[in-house]
Amino acid sequence: MTSIPSLEEIQSLEEALHQPDTRRCRRTLEILLADGFMEIGASGSVYDRTTIMELLEREPGTDGNNVETANYALKPISSDAVLLTYETRRSTPNGSVQCVLRSSIWKYDGCKWQMLFHQGTVKP
C-alpha cells in the first residue's frame, strides 16, 4: 500500500502545471501527466495526453493573465490515487474574470505521483 501524500505535495505538483516554463517543457509534462491522461476543459472540450502536451507547448510564456487559486482539498480514492479539488480565478488585462472549479486525479505509478485526469467547470 502506498502512503497517502500530503495536500502540500500534490498541491505543489498541481501548481507546477500552472507555470509557463512547466507547460512548455515536454519532458516535464511527460513526467507529470500519466499515460492515459484525459482532461475535460472548462470549455467542455476533451483532450488526451498527446493533444494537451502539444497545446501547452505552444502556449505563450506570459499572456498577461493572472491566476489565483484557493480552497484546496485532497481526498484519497484508493491506495494509490487521490482527488484534488480547488478553485481558480483568472483575470485578464481587459478586466474579465473567470472562476473555475477544478478537480484532478493523481495516481502513484510506483515511483512518482502523476496526474491521470483533470476537469475544469466554470463557476456561475
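Nearest 20 debye, what's the magnitude of the dipole of the chain about its Cα centre given +1 on Lys and Arg Cβ and -1 on Asp and Glu Cβ?
That gives the chain a dipole magnitude of about 180 debye.
With every protein chain kept in place and ligands, DNA and RNA left out, what is the accessible area per residue of the range 29-85? Probe 1.4 Å, answer in Å².
Computed with neighbouring chains in place, this is 55 Å² per residue.
From the Cα gyration tensor of the range 73-117, with a ≥ b ≥ c the square roots of its eigenvalues, which class applies: rounded if a/c is under 1.5, or else prolate if a/b is larger than b/c, or else oblate?
Prolate is the answer for the range 73-117, as a/c is 1.5 or above and a/b outweighs b/c.
Got a sec? Charge dipole of the chain, +1 on Cβ for Lys and Arg, -1 for Asp and Glu; which of 16, 70, 115 is way out at the positive end?
70
Taking only C-alpha pairs under 8 Å that are 6+ residues apart, what is the relative contact order of the chain in percent?
For the chain, the relative contact order is 26 percent.
Can you list the trypsin sites (Lys or Arg not before Pro) in the range 27-110 that are in a DSSP coil and have 13 or fewer other beta carbons within 10 angstrom?
58
The values are calculated or read from the model by the stated rules, or taken from the named source; none is laboratory data. Only a predicted model underlies this, so the values are computations on that prediction, with no experimental measurement involved. A quick note on method: Cβ atoms are made from the backbone with ideal geometry, for glycine too, and the neighbour counts reach across all protein chains shown. With ligands, DNA and RNA removed, areas are computed over all heavy atoms of the protein, side chains included. Shrake-Rupley method; radii C 1.70, N 1.55, O 1.52, S 1.80 Å.
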